[in-house]
Ligand SMILES: O=C(O)CCC(=O)C(=O)O
């Protein structure tokens with residue numbers, strides 16, 4: 001039984017990842033929550049996402065490549081405070097146990113009228129990160145639907161193993177996609193689009209096929225996505241490019257709850 005406590009937090013008092021939510025996550029591969037962020041947190045987090053995208057414009061010139069990664073490794077304290085919120089970690093603990101790493105997170109921002117579709121893919125095969133993955137956490141910072149480029153998932157397909165892939169040369173962000181013939185013919189009928197109000201959250205199994213539509217609307221589409229894994233994970237080396245100044249920096253996983261079970265000397269915070 002999960003016990004969710006309330007306190008001063010960016011997370012809505014009604015959010016609780018309970019037994020029913022976990023059962024749906026296991027069975028269907030995803031769960032959507034009606035309330036996740038507090039009314040105060042929504043504009044605060046959207047403000048940060050907006051500022052970051054505005055600052056990023058200088059080093060990423062192509063208007064469609066609006067992805068910002070790992071702000072906690074680049075001095076953004078608010079992001080760290082958010083990803084270590086106890087109620088969020090309670091959900092992750094329920095999924096992967098008491099020893100938890102946070103290893104990546106950030107946002108995708110699709111400006112009005114961008115063609116930035118993200119083709120159907122599974123997450124885990126791309127990452128060079130092996131272990132017991134928690135569900136991807138996908139938080140809407142504004143109202144999202146198919147028209148402004150929301151994400152869609154294919155329920156029940158998380159237990160089918162790694163699906164065949166092919167290169168998607170058109171897309172710099174996710175340059176592989178699931179071989180379309182490996183997806184069901186009636187994909188459009190089966191898929192569930194995240195039609196979410198600002199502040200709602202969904203979590204999906206990292207093997208669940210998902211993708212997102214282009215933003216054909218007059219509105220922005222901005223979200224935050226978070227990645228956690230059990231602390232006995234094996235993380236291969238990876239270098240990211242700073243959205244602030246274009247310089248390279250190495251991936252670093254942080255121990256956000258529990259013990260450094262493999263004795264890797266993990267830090268508990270980028271700010272310690
Ligand atoms: O937000 C999107 O459009 C896609 C993000 C995604 O693939 C993910 O969160 O795993």
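The values are calculated or read from the model by the stated rules, or taken from the named source; none is laboratory data. Owing to the predicted nature of the structure, the values given are computational and were not obtained by experimental measurement. Cβ sites come from the backbone with ideal geometry, for glycine too, and all protein chains shown count toward neighbours.
Of all the numbered requirements in (1) within 16 Å of the ligand (Cβ to nearest atom); (2) in a loop (DSSP other than H, G, I, E, B); (3) under 17 Å from the mean Cα position of the chain (by Cα), residue 252 misses one, and that requirement is (1).
So which residues in the stretch 213-230 are more than 19 Å from residue 104 (Cα to Cα) and within 9 Å of the ligand (Cβ to nearest atom)? Matches in the stretch 213-230: 213, 221. Among the strands (runs of 3 or more DSSP E) confined to the stretch 121-212, the ones with at least 1 residues that are within 12 Å of the ligand (Cβ to nearest atom) and within 30 Å of residue 231 (Cβ to Cβ) are located at 136-140, 151-153, 176-178, 201-204, 210-212.
Under 23 Å from residue 33 (Cα atoms) and surrounded by fewer than 17 Cβ atoms within 10 Å (Cβ to Cβ): is that true of residue 112 in this structure? For residue 112, the condition - under 23 Å from residue 33 (Cα atoms) and surrounded by fewer than 17 Cβ atoms within 10 Å (Cβ to Cβ) - is not met. Checking the stretch 27-35 against the condition returns no match, with no residue being over 20 Å from residue 226 (Cα atoms) and not in a helix (DSSP H, G or I). For the stretch 104-120, a residue qualifies if it is in a strand (DSSP E or B) and either near the ligand (Cβ under 9 Å from one of its atoms) or under 18 Å from residue 192 (Cβ atoms) (or both), and the qualifying residues are 107, 108, 110, 118, 119, 120. If you scan the stretch 15-38, which residues turn out to be at pLDDT below 95 and loosely packed, with under 13 Cβ neighbours inside 10 Å? None - no residue of the stretch 15-38 is at pLDDT below 95 and loosely packed, with under 13 Cβ neighbours inside 10 Å, so the list stays empty. I need the full set of residues from the stretch 243-272 which are surrounded by 15 or more Cβ atoms within 10 Å (Cβ to Cβ), closer than 26 Å to residue 201 by Cα and in contact with a helix residue (DSSP H, G or I) (Cβ under 9 Å, 6 or more places away or on another chain), in order please. Correct list: 243, 251, 252, 254, 256, 257, 258, 270. The residues of the stretch 213-249 that are outside any loop (DSSP other than H, G, I, E, B) and free of Cβ contacts under 8 Å to residues at least 12 places away in the same chain, listed by number, are 241, 248.
Being in contact with a strand residue (DSSP E or B) (Cβ under 6 Å, 6 or more places away or on another chain) and away from the ligand (no atom under 14 Å from the Cβ) is a property that holds for residue 101.
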